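The values are calculated or read from the model by the stated rules, or taken from the named source; none is laboratory data. Computed from a predicted model, the values in this text were never measured in an experiment. We place every Cβ from the backbone using ideal geometry, glycine too, and count neighbours over all the protein chains shown.
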Amino acid sequence: MDKMKRGGTSRRSLLTTFGAAAVGLSFGPALTGCSPAAEKTAGAEEAKLNFYNWDTYIGETSLADFKAASGIDVNMSLFATNDELFAKLKAGNPGFDVIVPSNEFVTRMSQAGLLVALDHAKIPNIKNIDPSFLDPEFDPGRKYSMPYTWLTLGIGYRKSKVQGVPDSWKYLFDSPQYAGKIALLSESADLVRLCAKYLGHSVNNIPPEMLPKIEAMLTKQKAYVKAFHEDNGQDMLLAKDVDLVLEYNGDIAQAMKDDPDIDFVIPKEGSLINSDTLCIPTGAPRPENAHKFINFLLDAKAGAEISKTILYPTPNAAAKALMPDDYRNNPVIFPPADIMAKCEYGAFEGAEKAQAYEELITKVRAA
Amino acid sequence: MEQSWKQAKAVFAGALGPPLFWLILFFIVPLAIVWAYSFGQNDGLTEISFTGTFSNYVRAIEPLYLKIFVKSAWVAGLTTALCLVLGFPVALAITFAPPRLKTWLLLLVMLPFWTNLLIRTYALIAVLRTEGYINLSLEWLWNGAGGLAPLVGLQPLGAFTPLELLHNNFAVVVGLVYVHLPFMVLPLYSALDRLDRSLLEASLDLGAGHIRTLLVVVVPLALPGIASGILITFIPALGAYLTPDLLGGPDSQMIANIIERQFKRANDWPFGAAMSFLLMYLTFIAIAIQAVVSRNRGRAA
Amino acid sequence: MKKSDQSPPGPLEYLRRWPLQAWLVMVGVFLYAPLITLMAFSFNDSKRNIVWQGFTLKYYEKALTNESLIEAFGNSLTIAAVSTLFSVILGALVALALWRFRFPGKTVVDGAMALPIVVPEICMGVAMLVFFARVMPWPQEMPWPLNLGAIIIAHISFSFPFVAVVVRARMASFNREMEEAARDLGAGEWRMIKDVIVPHMAPSLIAGALLAFTLSLDDFVITFFTSGPDTVTFPVKVYSMVRFSVTPEVNAASTILIAMTVVLTAVALRMQGDPAAAAGGHAPAAPKA
């Protein structure tokens with residue numbers, strides 16, 4: 001009984017010391033990281049900004065540069081997919097001032113009343129933007145969003161393992177030639193739309209009769225697909241798990257730096273364009289600061305800094321002019337105009353369509 | 001064996017009060033809202049209206065989704081069985097280890113699980129993939145054997161074909177076992193630790209071998225621990241979604257992947273809620289069956 | 001049987017027998033091999049971290065000076081610590097109540113306690129999101145650590161039933177005669193709980209605490225839905241970094257986390273002067289009475 005009791009209390013104290021030590025240890029580093037006291041000037045907004053962004057999607061010094069220029073402290077939080085962003089904001093804005101949704105979600109969120117109309121007078125740097133990006137279908141007149149980056153989908157492939165240039169979606173969707181060496185993006189809407197493109201139709205307004213055809217085609221192709229990846233296709237390509245992937249041009253451009261045997265092509269049937277944009281969500285506590293920040297990011301030098309780090313195509317013509325040649329003339333980052341003419345933005349066509357595409361892919365994967 | 005609560009009201013209130021309050025406020029209430037959603041429908045893009053409809057449940061039991069339910073249960077069951085087989089000797093070893101080693105062994109078992117799940121899964125991928133460590137080692141061995149074969153007079157071996165260890169159901173099970181092993185070991189250890197050693201020693205003295213002792217003496221006595229280990233391994237395994245997502249092949253999707261997509265991409269919270277609750281009802285049935293079985297077995301022991 | 005240098009293994013000294021040792025080693029390799037490679041690759045001089053390209057410490061430098069990463073660490077550890085503390089208390093309390101008492105509605109409470117274990121994480125995440133947005137809004141812009149409150153509450157809610165399961169399994173082996181003996185000797189209710197029941201529970205409290213800590217530290221889904229602008233946690237940070245693929249910086253950060261946990265635990269054990277360590281040297285083979 002004695003030994004048992006001694007064993008019991010010593011174990012219990014282990015627990016408490018463990019807990020106390022853990023708390024004590026975490027106090028240290030965390031205190032240095034906690035948000036510094038915001039200055040409040042009478043009547044004006046605090047010199048602070050909550051920025052909700054994709055990870056590593058900003059220049060290395062951008063936030064520090066903004067603070068030096070305006071005195072506003074930017075606190076950047078991270079999300080990984082548009083769906084998470086939408087789900088988070090759907091129930092109410094927890095305090096974000098600037099967010100970075102993709103094109104389709106700009107439409108979705110503005111329809112849901114989750115975005116604030118931007119005051120262009122407060123964003124003079126809009127003049128830096130390439131005119132072709134100023135009036136997109138997903139946000140006419142740039143009412144709710146400012147362009148940040150754009151990207152296209154295509155085929156990343158390993159030159160030594162592939163015959164010639166795989167310049168058609170056929171090799172991914174409709175051919176056993178590279179069986180077991182293909183990885184497809186698991187995004188249901190993108191897959192369905194690109195299949196429609198391969199079948200000769202636009203990515204938008206896909207007629208319901210086409211869906212069973214697409215389902216049959218993908219179900220048959222599934223036997224040759226090695227995996228459905230969640231946007232890490234470039235890693236699979238680099239690791240030689242697969243030889244062809246459906247991926248974004250920016251990701252493959254980064255992979256090409258590590259391995260010259262990798263290349264990228266946009267199939268001749270055309271492809272999808274995405275654009276990541278800067279928006280202000282409804283209920284943002286500091287819309288003034290938000291406008292200043294967006295304006296700063298559209299500045300030519302700031303834009304060049306960002307592109308240098310993230311290597312995605314930029315819609316900012318002034319920033320692009322400041323970039324080195326191997327960026328501006330890189331056909332992977334900036335595909336030639338004749339190919340771009342065949343690429344379209346995927347429009348948001350309502351919740352039912354999204355659900356229908358989702359169910360199609362579920363059926364394909366369960367078959 | 002149990003007392004009536006009236007016999008020690010203060011203790012009863014003190015013991016049951018705070019947890020129950022917490023459970024109701026911070027769990028039952030939020031869950032009730034989602035349960036209400038499962039009978040509702042999307043009203044525009046952000047609102048959900050409660051229409052008292054069963055359509056979501058009807059859709060959830062279509063053959064397409066039922067098939068996935070069954071498959072997930074099968075994978076989770078296999079995972080649990082493997083965890084039990086792997087984990088029981090480990091728990092046994094820890095229980096009978098010298099006291100000095102016990103805490104360390106427990107911590108050694110837990111340590112991998114304080115690494116982030118995503119990172120651990122990527123580490124597993126690095127081990128399993130086409131040019132991962134297993135295949136590289138095998139290739140090295142193969143080539144070595146291929147070099148030696150002619151010396152022994154055998155035909156030289158052909159080129160090495162890597163094993164397909166990733167992006168299939170095998171990888172998913174390996175990943176799930178890897179993640180859920182400590183959830184099996186801890187309750188097992190907790191129950192085994194309090195076994196009356198003299199019973200075991202008596203059984204061994206009477207001539208029963210170790211295996212026999214294990215099966216006939218230890219297992220029945222430790223059954224509550226085994227049951228709870230199975231419970232807290234099977235159910236999270238059933239609801240796992242990251243592991244099948246990253247490690248699985250084109251047809252390895254489990255029910256939690258589908259549910260997750262309803263809450264995200266498809267933006268169909270009512271349907272996602274209906275499937276979640278269906279999953280829960282089925283799990284409850286499984287728990288009930290298992291409780292009845294272990295009670296009967298416990299009585300017979 | 002392997003001959004040790006002290007005496008042949010006793011009948012129950014499983015750890016000293018080679019089959020079990022071999023099994024432990026095998027399980028150890030299985031558990032640790034991916035982890036070791038993870039740590040080894042944190043020194044890899046390659047941004048993509050797929051192929052080994054050279055030794056470097058620069059990612060450790062990056063990780064240690066990455067303020068948001070450190071803040072995320074701090075947040076995760078704090079949340080895990082507080083959550084573990086409350087989960088163990090609540091879990092032990094409810095296990096005690098369910099084990100000891102008969103009361104109307106017991107089956108309902110039993111079932112309710114199983115719910116958090118059964119609920120899919122995403123469902124609970126959404127439930128918590130809606131709860132903290134519509135039903136009980138957590139005030140924004142609160143000072144640290146109170147701004148972590150919503151996350152901590154959510155973590156406790158899904159952790160303490162796990163602790164309860166572990167503790168209940170342990171209590172099933174409690175010998176009631178000891179309780180009666182204590183009562184006969186004049187112990188009051190609370191005294192008896194403190195000195196008789198809790199020591200018996202102790203191993204399961206440890207096991208439960210470890211479980212709760214793990215659950216909290218690793219959680220992504222529920223944390224994501226309950227976190228706000230100022231409350232990035234480590235898994236959330238890692239998950240979003242992964243969109244641009246796992247760089248060695250993440251490996252470095254994880255290695256640091258593992259190292260910290262090991263050091264922390266060693267310190268804790270040393271602080272409370274582990275009596276087993278003190279007693280080491282005396283017949284280590286004697287099984288606990």
Query raised in the report: From the set of residues in segment C:200-223 that are under 11 Å from the mean Cα position of the chain (by Cα), free of Cβ contacts under 8 Å to residues at least 24 places away in the same chain and over 14 Å from B:Pro236 (Cα atoms), which is surrounded by the most Cβ atoms within 10 Å (Cβ to Cβ)?
Result: C:Leu210
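Give segment A:95-122 a look and list any residue that's within 14 Å of chain B (Cβ to nearest Cβ), assigned to a loop (DSSP other than H, G, I, E, B) and out of contact with any Lys or Arg (no Cβ under 9 Å at 6 or more places or on another chain), or say none.
Within segment A:95-122, A:Gly113 is the sole residue that qualifies.
Can you tell me which residue among C:Ser46, C:Ser68, C:Ser87 is crowded, with 21+ Cβ neighbours inside 10 Å and either more than 8 Å from every other protein chain (Cβ to nearest Cβ) or touching a residue at least 60 places away in the same chain (Cβ under 8 Å) (or both)? Step through it out loud before you land on a result.
Details: C:Ser46 fails: crowded, with 21+ Cβ neighbours inside 10 Å; C:Ser68 fails: crowded, with 21+ Cβ neighbours inside 10 Å.
Going through C:Ser46, C:Ser68, C:Ser87 in turn, the sole match is C:Ser87.
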Requested in this report: Kindly indicate the residue of segment B:271-280 that is buried (at least 24 other Cβ atoms within 10 Å of the Cβ) and of a type outside the set (Phe, Trp, Tyr) and also nearest to the other protein chains (Cβ to nearest Cβ) among those meeting that condition.
Outcome: B:Ser276
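For every residue, the table says whether it meets (1) surrounded by fewer than 21 Cβ atoms within 10 Å (Cβ to Cβ); (2) at positive phi; (3) in contact with a Phe, Trp or Tyr (Cβ under 9 Å, 6 or more places away or on another chain).
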| residue | (1), (2), (3) |
| --- | --- |
| B:Tyr122 | no, no, no |
| B:Glu131 | yes, no, no |
| B:Asn143 | yes, no, yes |
| B:Pro150 | yes, no, no |
| B:Leu165 | yes, no, no |
| B:Leu176 | no, no, no |
| B:Phe183 | no, no, yes |
Query - Checking A:Pro147 against (1) within 14 Å of another protein chain (Cβ to nearest Cβ); (2) in contact with a Pro (Cβ under 6 Å, 6 or more places away or on another chain), the condition it does not meet - result: (1)
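Conditions (1) over 24 Å from the mean Cα position of the chain (by Cα); (2) over 30 Å from B:Leu214 (Cβ atoms); (3) facing another protein chain (nearest Cβ under 7 Å), marked per residue:
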position: B:Phe96; (1), (2), (3): yes, no, yes
position: B:Arg100; (1), (2), (3): yes, no, yes
position: B:Phe113; (1), (2), (3): no, no, yes
position: B:Val127; (1), (2), (3): no, yes, yes
**Report entry** Subset of segment B:217-270 that is β-branched (Val, Ile, Thr) and more than 30 Å from A:Asn232 (Cα to Cα) - its residue that is nearest to the other protein chains (Cβ to nearest Cβ)
**Finding:** B:Ile232
**Report entry** Single unsatisfied condition, A:Pro331 versus (1) surrounded by fewer than 18 Cβ atoms within 10 Å (Cβ to Cβ); (2) part of a loop (DSSP other than H, G, I, E, B); (3) in contact with a Gly (Cβ under 6 Å, 6 or more places away or on another chain); (4) not acidic (Asp, Glu)
**Finding:** (3)
Requested in this report: List the number of the failed condition for B:Ile24; all other conditions in (1) assigned to a loop (DSSP other than H, G, I, E, B); (2) under 27 Å from the mean Cα position of the chain (by Cα); (3) of a type outside the set (Gly, Ala, Ser) hold.
Outcome: (1)
Query raised in the report: Just checking, how many residues over segment C:42-56 are over 25 Å from the mean Cα position of the chain (by Cα), at pLDDT 80 or above and either closer than 19 Å to A:Lys240 by Cα or in a helix (DSSP H, G or I) (or both)?
Result: 1
Query raised in the report: Just one of the numbered conditions (1) in the same structural domain as A:Lys222 (by TED's automatic domain parsing); (2) on the phi > 0 side of the Ramachandran plot is not true of A:Asp259; which one?
Result: (2)
**Report entry** Options A:Gln177, A:Gln221; residue that is surrounded by 13 or more Cβ atoms within 10 Å (Cβ to Cβ), of a type outside the set (Val, Ile, Thr), more than 23 Å from A:Met256 (Cα to Cα) and within 14 Å of chain B (Cβ to nearest Cβ)
**Finding:** A:Gln221
Report task. Run A:Ala179 past the list (1) within 30 Å of A:Ala317 (Cβ to Cβ); (2) among the small types (Gly, Ala, Ser); (3) touching a residue at least 12 places away in the same chain (Cβ under 8 Å) and report the number of the one that doesn't hold. Result -> (1)
Query raised in the report: Listed residues A:Val203, A:Val192; which is in a helix (DSSP H, G or I), under 24 Å from A:Asp251 (Cα atoms) and either β-branched (Val, Ile, Thr) or within 12 Å of another protein chain (Cβ to nearest Cβ) (or both)?
Result: A:Val192
Report task. Give the residue, chosen from A:Lys292, A:Lys268, that is over 15 Å from A:Asn125 (Cα atoms), in contact (Cβ under 8 Å) with a residue 24 or more places away in the chain, among the basic types (Lys, Arg) and surrounded by fewer than 23 Cβ atoms within 10 Å (Cβ to Cβ). Result -> A:Lys268
Query raised in the report: Limited to segment A:119-164, what total is found for residues that are under 22 Å from A:Ala319 (Cα atoms) and of a type in the set (Gly, Ala, Ser)?
Result: 4
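Scanning for something of a type in the set (Phe, Trp, Tyr), modelled with pLDDT under 90, closer than 18 Å to A:Leu151 by Cα and outside any helix (DSSP H, G or I), does segment A:248-264 turn up at least one residue? Give the steps one after another, and end with the answer.
Looking only at segment A:248-264, we keep the residues that are of a type in the set (Phe, Trp, Tyr), and these are A:248, A:264.
Still in the running and modelled with pLDDT under 90: A:248.
Restricting the remaining residues to those that are closer than 18 Å to A:Leu151 by Cα gives A:248.
After this cut, where a residue has to be outside any helix (DSSP H, G or I) as well, the list is A:248.
Yes, the conditions are met somewhere in segment A:248-264.
Does C:Ala133 count as surrounded by fewer than 24 Cβ atoms within 10 Å (Cβ to Cβ), at pLDDT below 80 and either at negative phi or not in a helix (DSSP H, G or I) (or both)? First the steps, then the outcome.
Working: surrounded by fewer than 24 Cβ atoms within 10 Å (Cβ to Cβ): yes; at pLDDT below 80: yes; either at negative phi or not in a helix (DSSP H, G or I) (or both): yes.
Spelling it out, C:Ala133 is indeed surrounded by fewer than 24 Cβ atoms within 10 Å (Cβ to Cβ), at pLDDT below 80 and either at negative phi or not in a helix (DSSP H, G or I) (or both).
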Requested in this report: State whether the residues of segment B:114-122 include one that is closer than 20 Å to B:His167 by Cα, touching a Pro at 6+ places or on another chain (Cβ under 9 Å), among the aromatic types (Phe, Trp, Tyr) and assigned to a helix (DSSP H, G or I).
Outcome: yes
Query raised in the report: Looking at B:Ile119, is it farther than 30 Å from C:Ala253 by Cα and modelled with pLDDT under 80?
Result: no
Report summary line: Across (1) within 14 Å of chain B (Cβ to nearest Cβ); (2) under 19 Å from the mean Cα position of the chain (by Cα); (3) crowded, with 19+ Cβ neighbours inside 10 Å, A:Lys226 clears everything bar (2)
